[in-house]
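The block underneath contains the structure these notes are about, expressed in structure tokens.
The values are calculated or read from the model by the stated rules, or taken from the named source; none is laboratory data. Everything numeric in this text was worked out from a predicted model, so none of it was measured. Virtual Cβ from ideal backbone geometry, glycine too; neighbours counted across all protein chains shown.
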Amino acid sequence: MKLQKPKGTQDILPKDSVKWQYLEKVSRETFQNYRYEEIRTPLFEHYEVISRSVGDTTDIVTKEMYDFYDKGNRHITLRPEGTAPVVRSYVENKLFAPEVQKPVKLYYMGSMFRYERPQAGRLREFHQIGVEAFGSKNPATDVETIAMAYQLFETLGISDVTLHLNSLGNPESRKNYRQALIDYLTPLRDKLSKDSQRRLEENPLRVLDSKEKDDKQVVEGAPSILDYLDEESQQHFDTVCQLLKALNIPFVIDTNMVRGLDYYNHTIFEFITTIDKTELTICAGGRYDGLVEYFNGPETPGFGFALGVERLLMILEKQGVNLPVTNVLDVYVVVLGDVVNEAALTLVQSLRKQGFSVERDYLDRKLKAQFKSADTFNAKIVITLGESELASNKVVVKNNQTRQEKEVALNELEENFASIYKELTQGK
Ligand code: ATP
Ligand code: MG
């Protein structure tokens with residue numbers, strides 16, 4: 001019996017989920033400033049939504065899909081990425097309608113599933129935070145979306161990320177380049193890995209993306225796609241470079257970068273960091289002007305990116321960035337004996353309803369153990385409740401750091417704890 005989690009998955013426990021929450025919060029706040037709104041799509045889709053749009057010959061579709069036939073014999077796949085589902089939804093919900101403000105800017109956060117060989121920063125269920133902007137051809141859209149990711153990294157305190165930039169041009173430019181690449185690679189076929197020999201036949205640009213050492217050597221001398229851009233493509237690329245410079249965002253042009261998905265054209269980019277001498281992409285994206293039409297929507301340019309949450313957290317950890325996630329508790333109630341169990345319950349509920357975070361003892365523990373818990377939880381205030389306090393209707397409310405204390409009537413706590421809390425935590 002297998003009673004452990006499946007290979008390549010993770011439990012996110014409270015000590016980590018606070019970091020996830022922080023990351024999600026900063027992302028939401030950043031995206032909101034660019035007028036992005038959240039979209040939530042299903043965790044699974046019809047196989048066809050992913051297969052042709054992401055590309056029938058890509059690793060994602062040929063090797064990594066979690067697909068199955070459901071009880072109604074429909075071919076279903078867990079989503080391996082976010083863009084195709086969002087485009088599907090954009091068209092299905094007619095967000096292209098004239099009354100919807102353009103560009104339509106959407107973001108998502110959630111699980112993605114790929115059947116990969118698990119290793120550091122590579123999981124079978126992983127999480128992406130991604131954005132998609134529909135309806136703007138303006139290179140300023142490319143650049144401000146890249147800038148938004150850059151700003152997010154800055155806010156989080158990540159250093160040493162390099163922006164890698166390339167252009168795939170429009171379909172016409174890419175066709176010309178494709179032929180030039182075939183002409184270059186065909187005589188060198190024997191030096192390529194088995195996978196890349198297949199790629200050369202099916203999708204030669206994919207060879208540039210290979211992680212095999214031998215392939216990397218071969219492609220070093222490959223022609224550059226930038227030499228095959230037509231005027232329109234060249235102009236778009238030049239403007240993107242110029243606008244990045246205007247915003248002082250450093251970048252390197254990386255002509256061998258092609259991305260693992262087929263739907264891109266013009267601008268593509270990756271933010272790469274180095275961990276233990278290996279390069280790791282934390283965020284990747286680009287322009288996909290044909291994708292909405294592919295889903296039978298009207299001609300609509302698109303631009304987006306996805307960042308890998310696990311990789312981002314890994315880098316924060318490696319770089320020793322401390323996220324501001326320390327938990328504090330407003331009040332800990334020390335409960336002395338079972339006789340005050342009900343009074344303690346009434347008290348904590350009253351304080352919580354007044355908006356304070358409150359914990360108490362439930363286990364009839366010794367005084368010392370309860371005070372220790374108060375420290376562990378970083379409680380700001382400790383209230384001690386026993387039989388005599390109940391009888392006299394008076395409790396001691398104490399600041400757990402300064403030890404400053406005050407005797408208060410129980411019913412006063414239940415009526416207006418806020419002023420007592422303020423007095424004790426901010427001094428008078
Ligand atoms: P790679 O070349 O590393 O396989 P990819 O091109 O397949 O990446 P994308 O599909 O562009 O990746 O996904 C965007 C981001 O999502 C990646 O840059 C990475 O941060 C993250 N990511 C992709 N696959 C995984 C995975 N299996 N586990 C964890 N994070 C992932
Ligand atoms: Mg991959």
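Considering (1) among the basic types (Lys, Arg); (2) farther than 29 Å from SER53 by Cβ; (3) touching a His at 6+ places or on another chain (Cβ under 7 Å), say which one LYS318 fails and leave the rest. Unmet for LYS318, out of (1) among the basic types (Lys, Arg); (2) farther than 29 Å from SER53 by Cβ; (3) touching a His at 6+ places or on another chain (Cβ under 7 Å): (3). When the range 107-147 is limited to residues that are under 13 Å from the mean Cα position of the chain (by Cα) and more than 9 Å from ligand 1 (Cβ to nearest atom), the one that is surrounded by the most Cβ atoms within 10 Å (Cβ to Cβ) turns out to be VAL131.
Looking at the range 302-325, can you tell me whether even one residue there is more than 28 Å from THR281 (Cα to Cα), out of contact with any Leu (no Cβ under 6 Å at 6 or more places or on another chain) and among the hydrophobic types (A, V, I, L, M, F, W, C)? Don't jump to the end; show me each part of the working.
Of the residues in the range 302-325, the ones more than 28 Å from THR281 (Cα to Cα) are none.
Checked the range 302-325: no residue is more than 28 Å from THR281 (Cα to Cα), out of contact with any Leu (no Cβ under 6 Å at 6 or more places or on another chain) and among the hydrophobic types (A, V, I, L, M, F, W, C).
In the set GLY304, GLY297, GLY285, which member is among the small types (Gly, Ala, Ser), modelled with pLDDT of 95 or more and more than 16 Å from ligand 1 (Cβ to nearest atom)?
Details: GLY304 fails: more than 16 Å from ligand 1 (Cβ to nearest atom); GLY285 fails: more than 16 Å from ligand 1 (Cβ to nearest atom).
The conditions single out GLY297.
Taking the condition under 30 Å from VAL100 (Cα atoms) and more than 16 Å from ligand 2 (Cβ to nearest atom), does GLU220 pass? Spelling it out, it is not the case that GLU220 is under 30 Å from VAL100 (Cα atoms) and more than 16 Å from ligand 2 (Cβ to nearest atom). Note on the range 159-190: residues that are among the hydrophobic types (A, V, I, L, M, F, W, C) and surrounded by 18 or more Cβ atoms within 10 Å (Cβ to Cβ) amount to 6.
With respect to VAL61, determine if the residue is β-branched (Val, Ile, Thr) and either in contact with a Lys or Arg (Cβ under 8 Å, 6 or more places away or on another chain) or within 16 Å of ligand 1 (Cβ to nearest atom) (or both).
Details: β-branched (Val, Ile, Thr): yes; either in contact with a Lys or Arg (Cβ under 8 Å, 6 or more places away or on another chain) or within 16 Å of ligand 1 (Cβ to nearest atom) (or both): yes.
Criteria met by VAL61.
Of all residues in the range 83-106, those that are polar (S, T, N, Q) and buried (at least 16 other Cβ atoms within 10 Å of the Cβ) total 2. How about the range 27-45: which of its residues are buried (at least 16 other Cβ atoms within 10 Å of the Cβ) and either touching an Asp or Glu at 6+ places or on another chain (Cβ under 7 Å) or within 22 Å of THR145 (Cβ to Cβ) (or both)? Matches in the range 27-45: SER27, THR30, PHE31, TYR36, ILE39, THR41.
Cβ-Cβ distances below 6 Å connect the following pairs, each with a first residue in the range 102-127 that is assigned to a strand (DSSP E or B), a second residue that is within 12 Å of ligand 2 (Cβ to nearest atom) and of a type in the set (D, E, K, R), and a separation of six or more residues or different chains: MET112/GLU81; ARG122/GLU116. Scan the range 52-82 for residues that are at pLDDT 95 or above, among the small types (Gly, Ala, Ser) and either surrounded by 20 or more Cβ atoms within 10 Å (Cβ to Cβ) or within 14 Å of ligand 2 (Cβ to nearest atom) (or both) and the total you get is 1.
If we scan the range 272-286, do we find a residue that is among the small types (Gly, Ala, Ser), in contact (Cβ under 8 Å) with a residue 60 or more places away in the chain, farther than 24 Å from ASP183 by Cα and buried (at least 16 other Cβ atoms within 10 Å of the Cβ)?
Our first condition is that a residue be among the small types (Gly, Ala, Ser); within the range 272-286, this holds for 284-286.
Filter once more, so that each one left must be in contact (Cβ under 8 Å) with a residue 60 or more places away in the chain: 285-286.
After this cut, where a residue has to be farther than 24 Å from ASP183 by Cα as well, the list is 285-286.
Those still in the list that are buried (at least 16 other Cβ atoms within 10 Å of the Cβ) too: 285-286.
Yes; the residues of the range 272-286 include at least one that is among the small types (Gly, Ala, Ser), in contact (Cβ under 8 Å) with a residue 60 or more places away in the chain, farther than 24 Å from ASP183 by Cα and buried (at least 16 other Cβ atoms within 10 Å of the Cβ).
Quick check: is even one residue across the range 158-178 in contact (Cβ under 8 Å) with a residue 12 or more places away in the chain and under 14 Å from the mean Cα position of the chain (by Cα)? No; the residues of the range 158-178 include none that is in contact (Cβ under 8 Å) with a residue 12 or more places away in the chain and under 14 Å from the mean Cα position of the chain (by Cα).
Applying the set (1) outside any strand (DSSP E or B); (2) within 16 Å of ligand 1 (Cβ to nearest atom); (3) closer than 27 Å to VAL219 by Cβ to GLU270 leaves exactly one unmet item: (1). If you go through the range 356-404 and keep only what is among the small types (Gly, Ala, Ser) and free of Cβ contacts under 8 Å to residues at least 12 places away in the same chain, you end up with ALA369, SER388, ALA391, SER392. Please find, within the range 205-257, the residue that is modelled with the highest pLDDT out of those that are surrounded by 19 or more Cβ atoms within 10 Å (Cβ to Cβ) and among the aromatic types (Phe, Trp, Tyr). Taking the candidates together, the pick is PHE237.
I'm checking my understanding of the structure. Among residues of the range 367-397 that are among the aliphatic types (A, V, I, L, M) and exposed (fewer than 14 other Cβ atoms within 10 Å of the Cβ), which one is farthest from ASN411 (Cα to Cα)? Working first, answer last.
Of the range 367-397, the ones among the aliphatic types (A, V, I, L, M) are 367, 369, 374, 379, 381-383, 385, 390-391, 395-397.
After this cut, where a residue has to be exposed (fewer than 14 other Cβ atoms within 10 Å of the Cβ) as well, the list is 367, 369, 391.
Numbers: LEU367: 24, ALA369: 27, ALA391: 13 Å.
So, considering only residues that are among the aliphatic types (A, V, I, L, M) and exposed (fewer than 14 other Cβ atoms within 10 Å of the Cβ), the one farthest from ASN411 (Cα to Cα) is ALA369.
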